[in-house]
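Okay, structure first, notes after.
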Amino acid sequence: NNSLRKETAAIPSSNEEGEDDDDRKRKARKVLEKYRGFEHLMNPSIFNMRKVREAKLPSANGHASAESLARVFDAVVRSDNGHRGEPLLSKSILGLAREPSRTTKGVEPSAYSSNSNQAMLNDAQAGFGLGFQLHEFTLGNGDKAMSIGHAGLGGSVVIAIPEEETVVAFTLNHLSMDSVARKRLLGIVFDELGWKEPASIPTERVENAMATVPL
């Protein structure tokens, strides 16, 4: 929003005459203080600011379209038959990445408070393997398969299943902690692919949602 841009533009980027580094830092902290807090992370203006995009923010500063995410993860999970290029990961490394190293199994979603880091992801109950978020899907033939990918702030997500050589990527321009659009679209895509998603990735079937609308 405009007020946010004006405030951040007022942050001194270089020393003014007679001003030392401590003064400049104090001014910057004063301006940014009002924008600290969990709720401000849901404001798209924050992550669309040039200063934020250029910052080095581990695990929080990746910017991509859904198509770009899908292309990257296709390169990760593609087979090594060569018709789409060599995979980025070897079979052995990809296998390790799909082995859960941490899980929140058994933890109810209500256990995550609005101030919890876990609450920033729509599917915080998923396990993790070598940095990837993991979900165990049931495929159309009944086989179980572990996906790799990751959820992003506000509802974006990428999910890849090597056995299917399929990647599903979804990004939003309206950040939300409970994206109905994401849930419904993922439900449609999974039904089309014949996948049964686990409880760790929330979806919503459109027909069920319509049935609850009062006439």
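For the residue pairs LYS51/LYS196; LYS30/LYS56; LYS27/LYS56; LYS144/LYS183; LYS25/LYS56, the C-alpha atoms sit more than 29 angstrom apart in LYS51/LYS196.
THR138 contributes an accessible area of around 30 Å² to the protein surface, as traced by a 1.4 Å probe with all chains present. Taking all protein chains together and rolling a 1.4 Å probe, SER68 ends up with roughly 50 Å² accessible. Multiplying the residue separation of SER101 and SER68 by 0.36 nm and removing their Cα-Cα distance gives an extension gain of 9.2 nm. Between ASN61 and HIS174, the distance separating the two model label sites (each 7 Å from Cα on the Cα→Cβ line) works out to 2.9 nm.
The values are calculated or read from the model by the stated rules, or taken from the named source; none is laboratory data. Just so you know, these numbers come straight off a predicted model, no measurement behind them. Counting neighbours? That spans all protein chains shown, and the Cβs are built from the backbone with ideal geometry, glycine included. These accessible areas exclude ligands, DNA and RNA; they are computed on the full protein's heavy atoms, side chains included. Shrake-Rupley method; radii C 1.70, N 1.55, O 1.52, S 1.80 Å.
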